[in-house]
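This report concerns only the one structure given below.
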Amino acid sequence: MTIYINFHNIVGVCIDTHNAWVKNYFIAEYESHIVSELPSLLPIVSLQIAFSYWPRQQKGYTLHTHKTLARWTYKLDFQQRKIRIDAIANHIAIPMIHHMILHPAIRFLSAQEGTLMLHAGAVSRNASTLVLSGTGGTGKTTTTSLLLASADHKWTPHSDDYVFITQEAISLPYMTRHHIYKPLTRWVPQISNRLTISERIWLQLFGILRSWSKDRIKWPLRVKTQQLWPNCKPAIRSQQTILLFFEKTNTLEPTICAVNPACFPIDALIDMNFHEARHFINLIRKHNNIVDVDLWFDNWRSRETMILKKIVKNTPTYILNIPKIIEVKLKNKTSAMLIKILNHTIHEIENKPSNNKNTKT
């Protein structure tokens, strides 16, 4: 069976598989982007994936294991506006291939087309979208979930893990299932209430596994957006993007400050984005089919940096300071403050005569 996926006519994905489990996994992930066919001139990531309980080394393929249980062989072919991925994998490896190879391959082609695919959470209100980015563990998913669960029902989902941003600062969602980890339910209890009994059990087991492995094994519970936020219709396109960079600081409470393009931490944001692609780059080095990987990587990084510089010139940019340590007794107070300052920020932007002016710190 072939699955066709179109990301806003920026990049297309073609997935070929004969395995029902693999097919259902990708249909569930990309349900909102699935189409019957792709435009002929669209850049394409082609994924040919077969299932095996124990994949073995084959000629022309590279064998890889991840954290002992996930095992696959793969072959990569980079062409002018096309990336072909051939893989044979066990069940546990399918999400790894999705995260480590397919995500960044889409991102690479997106950057070639002049659009940044940024690792970020995003929520929308009216015609504006807050794009929240920063290093892992700073609270992006928690903050977007707090806004969506708040009493202000004007907020709607936009993206959970990645978002496309054009050079004109128009954001477009990369819509997949939400990835839920146990700590999130302590901050946003409404999420637990929207899970099935079996999902709650799996979430608990994944939390125990994460604790036992000391954060080495982090398996998320994957849940559809409509299940988590049944009364919120996802925003498909934003005319006004507001870019927020999360930083953990020694402050006692969250604070926000507007910055101009010269002060915005572009390099830190690019470092974060490529940290998310580290496995992809290592797998390319291991497969050894690109003559000069370092030059290839530098060109990709330079391209994304150039796009991001253009974006920050066209959109309001902020730094959101989050306390490094939040005491349990202050959790509700911190949540309320986050919601309040972000609601206030977007209200100010929406009521400015000109929406694309940055303010110096």
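Confirm whether residue 183 is crowded, with 22+ Cβ neighbours inside 10 Å and either assigned by TED's automatic domain parsing to the domain that holds residue 339 or more than 19 Å from residue 123 (Cα to Cα) (or both).
On the way: crowded, with 22+ Cβ neighbours inside 10 Å: no; either assigned by TED's automatic domain parsing to the domain that holds residue 339 or more than 19 Å from residue 123 (Cα to Cα) (or both): yes.
When the stated conditions are applied, residue 183 does not pass them.
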Before we move on, is residue 53 outside any strand (DSSP E or B) and either modelled with pLDDT of 95 or more or of a type in the set (Ser, Thr, Tyr) (or both)? yes
From the option list 93, 105, 122, single residue qualifying as at pLDDT below 95, closer than 28 Å to residue 225 by Cα and small (Gly, Ala, Ser) is 122
Which helices (runs of 4 or more DSSP H) does the range 118-233 wholly contain that include 3 or more residues that are hydroxyl-bearing (Ser, Thr, Tyr)? 140-149
Checking residue 140 against (1) buried (at least 23 other Cβ atoms within 10 Å of the Cβ); (2) modelled with pLDDT of 90 or more, the condition it does not meet: (2)
If residue 71 passes every condition in (1) farther than 24 Å from residue 267 by Cα; (2) of a type outside the set (A, V, I, L, M, F, W, C); (3) touching a residue at least 24 places away in the same chain (Cβ under 8 Å); (4) in a strand (DSSP E or B) but one, which one does it miss? (3)
List the number of the failed condition for residue 244; all other conditions in (1) assigned by TED's automatic domain parsing to the domain that holds residue 122; (2) surrounded by 13 or more Cβ atoms within 10 Å (Cβ to Cβ); (3) more than 22 Å from the chain's Cα centre (by Cα) hold. (3)
Output for the range 74-108, where each listed residue is β-branched (Val, Ile, Thr) and either surrounded by fewer than 17 Cβ atoms within 10 Å (Cβ to Cβ) or part of a strand (DSSP E or B) (or both): 83, 85, 88, 92
If you take the residues in the range 17-52 that are in contact with a strand residue (DSSP E or B) (Cβ under 6 Å, 6 or more places away or on another chain) and of a type in the set (Gly, Ala, Ser), which one is surrounded by the most Cβ atoms within 10 Å (Cβ to Cβ)? 46
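The values are calculated or read from the model by the stated rules, or taken from the named source; none is laboratory data. Note that the structure is predicted; figures quoted are calculated from it, not measured. In this analysis, Cβ positions are derived from the backbone assuming ideal geometry, glycine residues included, and neighbour counts consider all displayed protein chains.
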